[in-house]
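Q: Right, I'll just put the structure down here and ask away after.
The values are calculated or read from the model by the stated rules, or taken from the named source; none is laboratory data. This one's a predicted model, so the numbers in the text were calculated from it and none came from an experiment. All Cβ positions, even for glycine, are placed from backbone atoms using ideal geometry, and neighbour counts span all protein chains on display.
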Amino acid sequence: MLYTNRWCPLHVGVAVLLLLAGCSSETFLNQTASVGGNVAGSAGDMEVIFINNTPFRAIFTYGTYNNTDQFSEPVAFQFVGNAGGVTLEAESTSPVITLPCDRVFSIGDSELLRLIRENRDDANTFDDEALGLGVGFSAAELGNADAGRATEGFSEPLRALLGVDFPCGSILVVRFEINDATDVPFRTDFEMIPPREDDRGL
């Protein structure tokens with residue numbers, strides 16, 4: 001028994017090295033990056049600003065989640081197309097939004113939507129039209145039956161990884177643009193502003 005205990009750390013270390021050998025560098029960076037909490041077990045924050053540079057309302061779901069926990073409850077919110085909800089109108093900018101930092105920041109990627117449907121207690125209160133992949137754009141006026149539908153098309157989902165695309169404490173500036181370069185009518189761009197104390201050049 002003493003022999004087994006003595007060598008257990010070595011066996012664990014070898015197992016970890018073998019596991020990491022099969023991972024990509026992005027996966028390694030994402031899974032080893034700090035979530036930024038000042039207290040053990042807690043997470044830090046990040047901030048997001050959405051800038052809609054299109055002539056249409058943007059409709060989407062966004063949030064953060066842990067991509068290693070299939071049962072984690074994502075922190076997620078929506079911009080919708082009804083007058084009673086939060087909207088992001090044409091040529092407008094959102095307030096600065098604070099989110100808890102986690103392994104993934106997402107705008108309408110399939111994993112975020114799945115985690116909402118399977119793990120959020122209030123999933124049924126989410127707007128179905130805004131729970132689509134990516135970002136929808138609507139030309140209908142608020143109050144119109146089509147105000148929450150993507151009458152003009154979609155942009156692709158955005159999935160940004162902690163440790164690869166941003167550190168905790170950063171500000172993500174997300175811009176929605178008309179896309180003339182491809183068949184997809186819109187695109188989602190983002191710029192990362194690192195925290196002042198971060199000098200890693202991410």
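Q: From N82, N124, grab the single residue that is on the phi < 0 side of the Ramachandran plot, assigned to a helix (DSSP H, G or I) and modelled with pLDDT under 95.
A: N124
Q: Whether any residue in the stretch 88-102 is touching a Cys at 6+ places or on another chain (Cβ under 6 Å), modelled with pLDDT of 95 or more and not in a strand (DSSP E or B) is what I want to check.
A: There is at least one residue in the stretch 88-102 that is touching a Cys at 6+ places or on another chain (Cβ under 6 Å), modelled with pLDDT of 95 or more and not in a strand (DSSP E or B).
Q: Given the options S25, S72, S110, name the one that is farther than 26 Å from A123 by Cβ and surrounded by fewer than 17 Cβ atoms within 10 Å (Cβ to Cβ).
A: Details: S72 fails: farther than 26 Å from A123 by Cβ; S110 fails: farther than 26 Å from A123 by Cβ.
Testing whether each residue is farther than 26 Å from A123 by Cβ and surrounded by fewer than 17 Cβ atoms within 10 Å (Cβ to Cβ) leaves just S25.
Q: Then there's this: Got a sec? Which of F154, F137 is surrounded by 15 or more Cβ atoms within 10 Å (Cβ to Cβ), in contact (Cβ under 8 Å) with a residue 60 or more places away in the chain and not in a helix (DSSP H, G or I)?
A: F137
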